[in-house]
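The values are calculated or read from the model by the stated rules, or taken from the named source; none is laboratory data. What you see is a predicted model; the values in this text were computed from it and never measured. Cβ placement follows ideal geometry from the backbone for every residue including glycine, while neighbour counts extend to all protein chains displayed.
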Amino acid sequence: MLTIRSLYKTYPNGVRALSDVSLDIPNGMFGLLGPNGAGKSTLMRTIATLQEPDAGSIKLGDLDVLADKVAIRRILGYLPQEFGVYPKVSAEAMLEHLAVLKGVTHRGERRELVGALLHQVNLYEVRKRKLGGFSGGMRQRFGIAQALIGDPKLVIVDEPTAGLDPEERQRFLNLLAEIGERVVVILSTHIVEDVSELCPRMAIIAEGRVRLAGEPRETIRALAGRVWRRVIDKGALADYRAHMTVLSTRLAGGATLIHVLADGRPEEGFESIPPDLEDVYFGQLQQAAGARVA
């Protein structure tokens, strides 16, 4: 169990990235959902001991993450949002080098580990290929392989599927699901579908605050009977936004389809629809925006 309590972080330019963030994250896949700039990456870097918070505590079991950074780094796997590679080095050679840095100094043990990791992420057949020739999805899978060196107890992946095609994205998510059967895996993303497909528990963060935490199915159930849909003229959208809580909009056959949050039918022409996690997500972002304006 990863336990985060009352975490705060304000940058020198005055931007408050985290404000009283508290979370309980058990073993398994945990989705951290929020828009760009919500504070997700700041939280991930803080858990990974790459920066200090202004206040608060983080514990993995009995281990104090902020007080014993060396110990947590031994059992941490981290795939940051911006993951660079040496383009002229092969996947196998790079993993061997990283394994040495992680303390796997025995040559036979290291080769066995590297081979097993390459098999696990389905890159063994291209192990001699230079990393510069990898596709985006292959590079992300390599990133997971390096994160798994040392048999980590905590794995953090920050926006891992951004820019991947549908096939690579699904392959990558399946790999994360397998890893999440054994350890704490935090998936930080702004892609709602990734969380709804993969994570039994989640939190939504916006404006540096945790807006909602729990099981995706329970958060969706809480909106039952409160989400409404209709097609409108695009020119009328501003008027609907002015007097209704518009969750989302999308083009449908040249017209605009809107989802609205309301306790009863907003007006004639709206139909009630089953909510999904996207409705939950946009509803929380609306509340965050309303709180900021207020």
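Quick notes on this structure:
- Positions within the range 195-240 being farther than 13 Å from GLY283 by Cα, hydrophobic (A, V, I, L, M, F, W, C), over 14 Å from the mean Cα position of the chain (by Cα) and assigned to a helix (DSSP H, G or I), in sequence order: ALA236, LEU237, ALA238
- Search result, residues across the range 98-113 that are part of a loop (DSSP other than H, G, I, E, B), at negative phi and more than 27 Å from the chain's Cα centre (by Cα): VAL104, THR105, HIS106
- Among the residues of the range 49-74, the ones that are surrounded by 15 or more Cβ atoms within 10 Å (Cβ to Cβ) and in a loop (DSSP other than H, G, I, E, B) come to 4 in all.
- For GLY77, the stated conditions hold: it is surrounded by 21 or more Cβ atoms within 10 Å (Cβ to Cβ), in contact (Cβ under 8 Å) with a residue 60 or more places away in the chain and under 22 Å from VAL121 (Cα atoms).
- Residue within the range 230-245 that is touching a Ser or Thr at 6+ places or on another chain (Cβ under 6 Å) and closer than 21 Å to PRO200 by Cβ present: no
- Members of the range 3-43 that are among the aromatic types (Phe, Trp, Tyr) and touching a Cys at 6+ places or on another chain (Cβ under 9 Å): PHE30
- Some residue of the range 109-125 being surrounded by fewer than 15 Cβ atoms within 10 Å (Cβ to Cβ) and at pLDDT below 85: no
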